Structure formats: structure tokens, C-alpha cells
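Since every read-out is calculated from the coordinates, none of them should be taken as a lab result. Please read these numbers as outputs of a predicted model, since none were measured by experiment. Please note: Cβ atoms are built from the backbone with ideal geometry, for glycine as well, and neighbour counts cover all protein chains shown.
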Amino acid sequence: MTSKQINPPPANTDAAAHVTGKSVYVDDIPVMEGALWVKVLDARVAHGVIKRLDIRAAEQMEGVVKIFTYCDIPGENQVGGIIPDEPLLADHEVHFQGQPIALIAAETEDQAAAALEKIILEIEPLPVITDPREAFRQGKLLSPSRTFSKGNTAEAFSRCAHIFEGKTETGGQEHLYLETQGAYAIATEHNSVRIYSSTQGPTAVQRTVARVLGVGMNQVEVDVTRLGGGFGGKEDQASTWGAFAALVAHVLKRPAKCIPHRMEDMRMTGKRNPYSSDFKIGLDADCRIIAYEATFYQNGGAAADLSPAILERTLFHAANSYAIPHVHVTAHSCKTNLPPNTAFRGFGGPQGKFVIEAAIDCAAKNLGVHAALIQRKNLLDDGYEFHYGQIAVGAEAKNSWNTLEQKQPFAAVMADVEAFNTTHAWQKKGAAWMPICFGISFTNTMMNHARALVHVYSDGSVGVSTGAVEMGQGVNMKMIQVAAACLGVSWDRIKLETTNTTRVANTSPSAASATADLNGKALTDACNQIRARLDALVKSLFGADEKAAVTLRDNRVYLNGQDTDLNWNQLIQQAFIQRVNLSAKGHYATPQIHFDKSTGKGHPFAYHVYGTALTVCTVDCLRGIYTIDLVDVVHDFGTSINRHIDLGQCEGGIVQGIGWMTMEEVVYNAEGRLLSNALSTYKIPDIYSVPAVLDIQFLDTEGSDLAIFKSKAVGEPPLMYGIGAFFALRNAVLAFNPASNIAYSAPMTPEKVLMGLHG
Ligand code: MTE
Ligand code: HPA
Ligand code: MOS
């Protein structure tokens, strides 16, 4: 613990309830009498025309109250967030396996499931596309293609000593939040509805439900206690489940609960967008990157969802931490017959970074050097102009690399790897370095704002509401720390309320790693308003003049540095008696940021987060299995306000990134059916696959004024260290078989390793 942490708490406010099973998730909320279960009939054909939908027999089943089709939607049959291209319930066509067609509302879950079997559904199949390049060839795009450009790559390539071209693939990723999607809705008076939702975006659910029901947003209240994980999967896609429950509750005026089982969730929801990409990289004789071009084919699935925004972030992060004078990157959002893919930790950034890392690795292999030498030589510095026009400030790319170099010198690491490899015929080690640079802010400037509501009650206890959603990332604890620091009270005086649209309105989803920054700054604003009123009261109570300094600390009141005999509770009592307003609403909108989509230039990010990781792995060359021996990281946290939480985010992100790059393989067959549809066929990292050594060093930097208390955002950036695992494994394979034709195709599953070793 350092003194920089504000009010360091003994533990996360949620920890005790989590480990004792007391924490409340949607399915734990006691339902009211008369509550109905909602089950979803989804398409088992990826593309086709609905020829027959006969619900008559199903409607006669015991316990069935009503079966809903698109005809029963009172408002608009539309859930598309960015582009209105996604019906809540299919009307005449289906576009992916798992697409919702009908809802069964029954007295019990079993009755709803039995009725589902009785629905007669006939779909005439149409051709299915699952490959983004094929979709592109057929002109099937979800949104207009985008290009970001700086300098003149065509001209620059003519001056390069070395040019390399290649192709890469990155796979999807299942969010696998422990709590599946879900919502519980209650009809309330004035034709309104209250929804308890597992969502990162309460306002998104509210907006979508209002649209579907054809009511005002003021008739829809969304309440979120916490999520058993979201990872981006509940940024937009939770709205569908909220709408299912709300539709039933609203039409039937009975409480309704809709929670898919794991396999239903897996086949019906979208995942991380897979990408297929082409790169061209040009270097001078001194290994300086002069020009970089890439074309990204994003597999968007059957509807736009968040893919257009994800596509944009891919372009922002296409050059990772490298200073490159000429950059030209283009991205296509391709429409396929898969469930609409969506936000996933990193939001397109990881997909973009993988490609430039592959390009650098390709250049290194051809030039006979380790990729780290090219990476190190090209790291960006303060004053660098990113290809989107922003100037780098507080760049820690070199600092983090050099700090790691002191701990893990390149020469020593490689000497160890080579020594091991010469003495082991059937095991090989590989090492890879992975620098990261990740921009903090929603890339859509208008989303970067937040609000908070603070009540100090007459007994001195404090209730805090913000737009932040707790999903395991610890934002509630951070909000408690912020309020405690601003008000000068101990953290146990503060209660974080649920996230509720009637208390805090028009929120952006908790996403883009910016939740603590945005909501924390809004919270600071609210607390400071109350502070100003209390400070004035203190001065009047003690007859002090205007310029006197009031300090609130440790539940006590100080005047000009002297302890008064007033404590916090007494001060609040006085304030209450004197009719001082003890509530405040705070607002924050990130200053300085702007971006012109037409030119692809601007200053989209409040700041950037940097760091460097070294990954070392060992491959069993007989069986293709492997272990990640070491991930050693130097990460730029700024001045962390909560090292426990930030370390946990870093560790979790890295392991999730390694999972994406190594073992997590989302597989659809040619008919668009999800084959990796359960935990038996979709492998995520467990405690045994976590790196044997996972060491994270805090690069204690100044931080940024735009970060909450200069504590930099941490939710997503560390995931991208996981990309190092792919290249470490690839290097180990090549140590065994230098002629291997192993592709830049992630995930690097043991099967791919085995074929690479012997192919
Ligand atoms: N950590 C946990 N435990 N659970 C989650 O769902 N989501 C990640 C990250 N860390 C997530 C998590 C994603 S995708 C984002 S954008 C951030 O947390 C969101 O929270 P933040 O903005 O407070 O960092
Ligand atoms: N990051 C995460 N989620 C988002 C973004 C972003 O930049 N833009 C819209 N939703
Ligand atoms: Mo995170 S992918 O921005 O929810």
C-alpha cells in the first residue's frame, strides 16, 4: 500500500457477501406472486424464410398464459442500438441460428419449456455465409467501410529497404460471464414497468424497452444491483432480455422473468468479433517501421449491434504503441449469418493490435532478428502524432519497456530460452514481448459524460448513486473511496446504491474502461457541492472569515488546521437543523476530447494507458500441449487509488487475453450452428492454465488529470498483454521446427501447435 491510495479500504465492499453467497443477482431477487416464466423459441436455421409458425397447440398446453410473436409487440419491433437493423422477434426471415422468434409465457419454467416443443416452425433455408471475406465479396456490409490514414504509404513503400505482407486471423470469444443474461420485470402503475436487469447499460435497456413497448422512457425504470460479469457482452445485448421480460409484464400485467440457461445464452448471444486481416509493413535498413497498411474484415454477424464502433477502435489501435510515419488502415464490417457479434473487453483494440504484432513478427523472422528488437526500436514517445491526429502526452511506452528490461534483460531471457532449447529435444521454450497503448474514452465523444446523486442523511450516513454498474471490476469500492475522500468521512459511512435510471438518468453504459473516471468525476462534483455548503456552515458556526480553511478528515472538522470540537455527525445535525441542502447531483463531461469522423482526425482520448509484458512458454513437442511459464508485466496504473482492485483487473485481463489467444475457440459449422456450445466444448482458462508466474509491477507514474484522482483506467488494457502468449508459443514451435508453416491464426490451440510442430 502506498500513501497515494485514498482511504485504502481493508477489502472490496462486495468481498464478504460474494464468498458467503449473499450477493444478489437477478435470479436471486424473490419474485412476486403470479410471476411468469418466459422462454424463447429461437431459429435453428441460420438464414431462411419463415413459412409456417403455428402456436395453437402450444397455447393449449398446461400453464401457458400467452405466446408472443412480433405481432404482439405494441411499439417498434426493433433493438438495434447504433443501426436499426435487428428485430426483437423475427418477422418473416431469420438471419442467424439462435435468433428469437417467439416468447412463451407460462406459470412455470417447465411448462414454458414443454410448450416450446409444441410450436410448429417451418423455415425455408437460404444460403448461409459465415466467412467475413465471403460476405465482403458479396457486398454484404453492416455499415460503411472506414479508413484512417496518415502520410503517404504508397510513396513511402517505394523507399523501404524491406517490405513484408501477410494475412492473419483472430477468433471469436465467448464472454462466459458467470451470471447469464436475464431480467425480471414488474408492471407498475401509469402503464409503466420496472426491470431488474443484468446489464452494463441501464439506460440502453430503458431506451430499448420504451421503443418496444411504445411508451416514454419515463415509464421504464431499470434497476441494477450488480452483474456476475459482463465483459462487454451486456453493454448492448442485455437490452433484448430486458425487452422480453418487460414485454410480457407490460402486456399481461403480471411479473415476468426471462433468464436463459447457459447453452441458450451461448447460442443466442454474440461474441467477440472474429477478424480476418491483411497487412503490409515497410522498414528501412535500420529496422525502423516506415509504412504500415492493413485491411480488416470484421465478422459482424447478422446485425450491426456495436460492430461499427468496435471497427473504429480497431482502426485507432491498429498501430499499437509504435511511431510510424505512414499509416493507412481500412476496415470492413461484414454481415454474416452468425449471432450479432458485440463488445468484448478491448472493443476491437485487441484485434487491431494482433495484426501489427504479426506484421512485426513476420518482418523479424524474415530479417533473422527477434521481434522484440523491432518492437523496442519503434516505440512511440511524447509528442508523437497518432495516425488519428492526437498528440501523445505522458507516453510510457519506452519507460514501461525499459523498466521491464531492467528486471528481465532481453539478452538474459533469450540466453535462458536458447540454453533450454539446446538441451531439450522434445520440449521447446519461446519468449515474446508485448507492449500496449490503449486510449481511454468512448470513441464516440458524445458518450463521455456521467452523473451522480449524493444524499447525506441526517444521521451522517451517506447514500451514493451513480451511473456506474458493478460487474466485478470493483467500481463500487472506487466510488466509495472517492466519496469518502471528498467528504472526509471514513469509507464505512458510505453506501453505494443500486444503479437506477430514475435516480441517475441518461447514462452511458459501464464500458470503455472509463466507468470510474466518468462516474467518479461526477461524484466528485456532487460531493464538492455539499462540501461547499458545509464549509460555509462551519465558518458561520465558528464566526470564521471567508478565507478560513475548512478541512473534513476522519469524520472530524478542522478549521485553519486546528481540530474543532465538531465531528461529522454533529456537523450534519447542525446542517439539518439550519435547513442546509444535504443532497447534490453531480455532472461530468470529459473536457478536451473531440473527433471528426469525416477526416478521421481529432483528439478522441482523454489519455492513453501503456505497459509492456514478457511471456515465456514451454511446448511439449510430442503432444502439442503447452504451459505459460511466465508473464512479467510493467503496467502504467498512474497513481492507483486501489491497488488490490487494479491488480485483480490486471491479472484477470491477462488471463482472459491468454484464453482468447490460446484455448478459447468459438466454432460454427458451415450451416452457422454453434458447435462450441457448452463448457465441455468451449475451454476457458482455469487455475491450472494461469501462468505459473504472473508478476505485475506498478509503473507509478504521475497519471492524468482526466483520470479519477490520477488513477488510470485499468479494465481493458491488460487483456492485450495476452497477445504475447500467441507469439511466445509460435516462437517455441519454430524453435522445434524452423520450417514450420504455422500461420498467424489465433487461437493457438494445442491442435494447431501440434500441426505446426510437425507440419
Ligand atoms: N472485470 C470483471 N470482474 N467483470 C467484468 O465484467 N468487464 C471488463 C473490465 N473488467 C469486467 C471486468 C470490461 S469489458 C470493461 S469495459 C471494464 O471492466 C468496465 O469497467 P470499468 O470501466 O470500471 O473498468
Ligand atoms: N468502448 C467500449 N464501448 C463502447 C465504445 C468504446 O469505445 N463506444 C461505444 N461503446
Ligand atoms: Mo467493455 S468491452 O467496453 O464493456
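Side notes on the structure shown:
- Using the average count of surrounding beta-carbon atoms within 10 Å as a protection proxy, the listed peptides 169-177, 247-255, 28-36 rank, highest first, as 169-177, 247-255, 28-36.
- Packing, as the average of other Cβ atoms within 10 Å across residues, places the peptides 563-573, 257-267 in the order 257-267, 563-573, highest first.
- Excluding same-chain neighbours fewer than eight residues apart, the aspartates and glutamates reachable from Lys150 by a Cα-Cα span under 12 Å are Glu293, Glu385.
- Per-peptide average of other Cβ atoms within 10 Å, ordering 157-168, 453-464, 714-725 highest first: 714-725, 453-464, 157-168
- If the segment from Leu373 to Ser23 were pulled out straight at 0.36 nm per residue, it would be longer than the present Cα-Cα gap by 121.2 nm.
- Once the chain from Asp629 to Leu252 is taken as fully extended at 0.36 nm per residue, the excess over their C-alpha distance is 130.0 nm.
- Only beta bridges with both residues in the chain are counted; by DSSP, about 80 percent of them are antiparallel.
- For region 228-255, backbone nitrogen atoms closer than 19 Å to the point 7 Å from Glu59 Cα along Cα-to-C-beta are found at 247-254.
- Neighbour net charge for Tyr70 - beta-carbon separation under 11 angstrom, K R +1, D E -1: -3
- Taking N as its residue count, the alpha carbon Rg of region 449-589 over 2.2 N^0.38 Å: 1.06
- Going from the residue with the fewest nearby Cβ atoms within 10 Å to the one with the most, Val667, Val79 rank Val667, Val79.
- On the beta carbon distance between Glu93 and Ala419, with R0 = 60 Å, the FRET formula returns roughly 0.45.
- Each listed q (0.14, 0.17, 0.28 Å⁻¹) maps to a log10 I(q)/I(0) for region 496-567, found by the Debye formula over equal Cα scatterers with no solvent: -0.61, -0.74, -1.33.
- Length released on extending from Asp110 to Asp459, taking residue separation times 0.36 nm less the Cα-Cα span: 120.8 nm
- Here the ratio of the Cα radius of gyration of region 132-241 to 2.2 N^0.38 Å is 1.70.
- Label-point gap, in nm, between Lys167 and Ala549 - each point 7 angstrom along Cα→Cβ: 6.7 nm
- Each Lys or Arg adds one and each Asp or Glu subtracts one; over the other residues with Cβ under 14 Å from the Cβ of Phe316, this totals +2.
- Our helix-only sum for the chain, with -39,500 (n - 2.57) per DSSP H run of n ≥ 4 divided by its residues, gives a mean residue ellipticity at 222 nm of -9000 deg cm²/dmol.
- Helices that extend 15 Å or more along their long axis by alpha-carbon positions and average at least -1.0 on the Kyte-Doolittle scale are, among the DSSP H runs of the chain, 202-213, 238-252, 349-367, 410-423, 475-487, 515-541, 643-662, 723-736.
- Solution diffusion estimate, µm²/s, Stokes-Einstein, region 580-732, Kirkwood Rh from C-alpha pairs, 25 °C, viscosity 0.890 mPa s: 134 µm²/s
- Net charge of Cβ neighbours under 14 Å - reference Leu404; Lys, Arg +1; Asp, Glu -1: -2
- Number of Lys-Lys pairs in region 449-589 with C-alpha atoms under 19 Å apart and a separation of 8 or more places or on different chains: 7.
- Here the chain is assigned +1 on the Cβ of each Lys and Arg and -1 on the Cβ of each Asp and Glu. Its dipole about the Cα centre then comes out at about 720 debye.
- In range of the label at Val49: residues from region 98-131 whose backbone nitrogen is under 15 Å from the point 7 Å along Cα→Cβ: 122-127
- Residues of type lysines that Lys335 reaches as a straight line, Cα spacing below 23 Å, ignoring anything fewer than 8 places off in the same chain: Lys140, Lys167, Lys234, Lys271, Lys353, Lys597
- Computed label-point distance, nm, for sites Glu385 and Ala154 using a 7 Å Cα→Cβ extension: 2.1 nm
- Rh (Kirkwood; distinct C-alpha pairs) - the chain, Å: 27.3 Å
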